[in-house]
Each structure stands twice: as structure tokens, then as C-alpha cells.
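Here the structure comes first, spelled out in C-alpha cells, and everything after it is commentary.
The values are calculated or read from the model by the stated rules, or taken from the named source; none is laboratory data. Owing to the predicted nature of the structure, the values given are computational and were not obtained by experimental measurement. Every residue, glycine as well, gets a Cβ built from its backbone with ideal geometry; the counts of neighbours run over all protein chains shown.
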Amino acid sequence: MNRTPDIPGDDPGSDATPYRFRIAEAARDDLGGDEQLLAATRVVLPFNRSRYDETLKERNALGDLALLQHLLVLVRPAPKPIAGFPVFWDMVLGLTRNRVIVWKPRRGSEQPASLLGSVQLDDFERVGVTTVPDRKGRTLALKISLAHGPTLLLDVLAGFRAETEEFAEETQHHIEVRRFLA
């Protein structure tokens, strides 16, 4: 787990730069004056709302092909709202010390385009990464349990496994620290 704010020698525009630094640069207007992005990842809302099943039973929806999801995001209407969490079909999540920020990404880019909203860390019960059975095998999902809302399973976008694991670990760490200090 990397808790250092900077990685010396990294060029902010290069592909070798960690994802959170690339997102922080693009979203600096959405961050408060003293806020710093601690982790970032990219997730997609599952096609079938039944995928919110907390029991992690077999999903009976379309295949979880990242390319298919990405293409369908471009033509689908916005998803139905979820109580306590801003959603879109394709999302960029960013973690600060006090909140998780949710952005809609630019088309054809990993950069955030518009702010969907944010959720205070006090509103989270637990955040982790889990595997979910799917008709094509197993899918990696970010499992978010809200304190006063539903449990969400957001599919990890292909190529963002390490970022999602870091995001979940950092978020859970900050949730536990806040509980300890309360």
C-alpha cells in the first residue's frame, strides 16, 4: 500500500505515472483547496440491476466483456439513481481523506469529464474487492457497503485490477481510522 503523496521522477503525462496522479491533474478543479487524491480507479455499473445481489449468486445477464460494456455506455440512457451513491454506467472513483468522488469519464479517455457527486467516508460501512460468479466464469467487482443504503457491486474495468485493489484497501483503511478516532 503506497501512502506517499508523490513519486519522485514521475512525469505527470507519461503512461508510467500512477492512475491517481493522472486523475488528480485532470480533476484538480473538483478537489477542495487542501484535498489530495489518495487513490483512484475505474469501474462500470453492471448491465443488469440484479447484479447488486449481496449473496453473490450466479448473475444471469449479458457477458461481462469490458469492450462491450464500454461501447454500450456510449448509447445507453443514464442508469436509475441509487440511494446514497451517484452512478453512471462508466465511472472514475477518487478517494480523498474525507470522501469518495465520482466522475463520469470523457468518451474514449480515462480522464474525468464531469463530476457526478461525492460520498462522505462516514457514509461507508465497508469497501472491498471480491470475485463474483458470472455465466462466463468469474468477474472482479468492487463491493461497496453503505452505512444507510444498499450494497453495490461495481464491475472492475479491464486493466484496472491493481488500481481497484489499492482503492479498496486505502478506502477501508481510512474508514477504519475515522471509526477509531470517533
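Could you grab me the full set of residues in segment 87-134 that are of a type outside the set (D, E, K, R) and in contact with a His (Cβ under 8 Å, 6 or more places away or on another chain)? Give the steps one after another, and end with the answer.
Keep residues of segment 87-134 that are of a type outside the set (D, E, K, R), which gives 87-89, 91-96, 98, 100-103, 105, 108-109, 111-121, 124, 127-133.
Of everything in segment 87-134, those that are of a type outside the set (D, E, K, R) and in contact with a His (Cβ under 8 Å, 6 or more places away or on another chain) turn out to be Leu95, Leu121.
Just checking, which of Arg126, Arg107, Arg178, Arg97 is in a loop (DSSP other than H, G, I, E, B), basic (Lys, Arg), touching a helix residue (DSSP H, G or I) at 6+ places or on another chain (Cβ under 9 Å) and touching a residue at least 40 places away in the same chain (Cβ under 8 Å)?
Arg97
Within segment 137-150, is there a residue that is part of a loop (DSSP other than H, G, I, E, B), surrounded by 18 or more Cβ atoms within 10 Å (Cβ to Cβ) and on the phi < 0 side of the Ramachandran plot?
no
Counting only residues that are among the hydrophobic types (A, V, I, L, M, F, W, C) and at pLDDT 90 or above, how many does segment 24-43 have? Spell out how you get there, then give the answer.
To start, the set of residues in segment 24-43 that are among the hydrophobic types (A, V, I, L, M, F, W, C) comprises 24, 26-27, 31, 37-40, 43.
Applying the additional criterion that residues be at pLDDT 90 or above yields 37-40, 43.
So the answer is 5.
Looking only at segment 138-182, which residues are under 16 Å from the mean Cα position of the chain (by Cα) and among the acidic types (Asp, Glu)?
Correct list: Asp155, Glu163, Glu165, Glu166, Glu169, Glu170.
Could you grab the pairs with beta carbons closer than 9 Å, sequence gap of 6+ or different chains, first residue in segment 29-44 and farther than 10 Å from Glu163 by Cβ and of a type in the set (Asp, Glu), second one in a strand (DSSP E or B) and at pLDDT below 90?
Once the first residue is farther than 10 Å from Glu163 by Cβ and of a type in the set (Asp, Glu) and sits in segment 29-44, its partners that are in a strand (DSSP E or B) and at pLDDT below 90 give Asp30/Pro112.
Checking Leu56 against (1) modelled with pLDDT under 85; (2) in a helix (DSSP H, G or I): exactly one of these is not met. Which one?
It is condition (2) that Leu56 fails.
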